[in-house]
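Taken together, the values in this text are just the output of simple stated rules run on the coordinates, not laboratory data. As the structure is a prediction and not an experimental result, all values here were calculated from the model. Cβ coordinates were reconstructed from backbone atoms using ideal geometry, including for glycine residues, and neighbour counts include every protein chain displayed.
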Amino acid sequence: MLGRLRARGYGLAADPADADVIVVNTCAFIEGAKKESIDAILEMARYKETGRARRLVVTGCLAQRYDAELRREIPEIDATLGTGQIDEVVRAVAGEDTAAAREELPTWIYGSESPRVLSTPPWLAYLKIGEGCDYTCSFCVIPQLRGRHRSRAAEDILREAEALAARGVKELVLVSQDSTRWGWDLGIRGGLGSLLRRLGGVPGLRWIRVMYAYPATVTDETLDAIAEVPQVVKYIDIPLQHASEPVLKRMKRPTGRGNLLGLVERMRERVPGLTLRTSFIVGFPGETDADFERLVGFVEAARFDRVGVFKYSDEESTAAFELEGKLPAAVKERRRRRLMSVQRRIALQRNRELVGRRVEVLVEGVHAETELLLQGRLPGQAPEIDGSVLIADGAAAPGELVTCEVTEAHAYDLVARIA
């Protein structure tokens, strides 16, 4: 959207108080994201009174899901766009009253010819390799908001990767609602491995990272590519959601009948030095104390490097919304805190294993809280969601890759010096 607007001559304002038009891009995945999106819309709406703003445009998943409700409750909104109406953003900003096409499943997907403005630091870029999802997990609204899974063509992905690398991007983060399903709709089963190998040949790229790997489609070909291509970081983000088979069955997760611990062991065996991130939902309808204890035991046995824990969010229009056995908020919060406490201990132990070792670090600049420290990340730390490396000794420029010696470990962050 930013690229299309800039191509039409619009400039970007750093401060919303200086903007003539404000576009709020929203999320509607869980209750917390919806609240954050609505708060942002209300905050930006005030600039129609206190700033220069003449128009307020709301885009993305919240508009896709609640268009009529948003317009009724927040009359300051002048136009809305759903997730498949990206090309219409110029019309919406220019003054037309566009409305989100709520009844249609989105089919739009961007390509390398689309103009793009990077909102990330110059050494980092996200690259979307696919859009939508074909699974029917009972807690999830993504297929309703994003449509069925559709892959970008490999040549198109490579053209964008080459263009980003030519602009100075060193770390490329591959994203999709289901990254390991890339290529299936194009007749390429297990194609992510071949795509990674081709991306590894793009000059200038130093780190290539895969996010959102679905457990049922992590193939040996993909794991081998992660292990063998030097530019692909040894990191997998694989949301497992739970470890109790009764809960996984109610979640309609196809991994429920498998051996999840065996999957973890297989990934580590095929990718030596692998960093594993996963996420879990606690408090799913009908989750018993025994189900939760099974999950805790699994986390203790698997010893993940990174774990995110989310409380179940009851979303209308999902199958889980109709399930019995809803749990009180206090129970969900207590279980979230317990599981995070278990993981915090594991994460600290795993980080302590790095003390004294030399590691590659991507420097991101001066620490936000003190100019005495630099901040960066290991290959095993994804941007925005994982911990950081605090560099207490040595100098380097933002975007530079340096060798550091780890001197101190905490649960989420490491302290190091440039070696």
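So here's what we get for this one:
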item: Under 13 Å, Cβ to Cβ, from V202 - net charge with Lys/Arg +1 and Asp/Glu -1; result: +2
item: Semi-axis lengths (Å, descending) of the ellipsoid that matches the C-alpha gyration tensor of region 332-419; result: 25, 14, 11
item: Cα centre as origin, Lys/Arg/Asp/Glu Cβ charges: the chain dipole, Debye; result: 740
item: Equivalent ellipsoid semi-axes - Cα gyration tensor, region 2-94, angstrom; result: 20, 16, 11
item: Fluctuation leader among D15, D178, D87 - the chain, Gaussian network, Cα springs under 10 angstrom; result: D15
item: Interchain or long-range residues, amide H under 5 Å from D393's placed H; result: I418
item: Positive-pole candidate from G11, L70, G51, dipole of region 2-94, charges at beta carbon; result: G11
item: Mean ellipticity per residue at 222 nm, deg cm²/dmol - from DSSP H runs of n ≥ 4 across the chain, formula -39500 (n - 2.57); result: -9500 deg cm²/dmol
item: Gaussian network model of the chain, springs between alpha carbon atoms under 10 Å - residue of V331, V141, V406 with greatest fluctuation; result: V331
item: Theoretical FRET efficiency, 1/(1+(r/R0)^6), r = Cβ-Cβ of R52 and A392, R0 56 Å, to 0.05; result: 0.80
item: Among P106, L196, I391 - extreme Cα towards positive end, dipole of the chain, charges at beta-carbon; result: L196
item: DSSP beta bridges in the chain [antiparallel fraction, %, rounded to 5]; result: 35
item: Distance between region 299-343 and region 108-139 - C-alpha centres, whole angstrom; result: 27
item: Region 217-239 and region 348-363: distance between their alpha carbon centers, rounded to Å; result: 21
item: Cysteines having no other Cys beta carbon under 4.7 Å from their own, within the chain; result: C27, C61, C133, C404
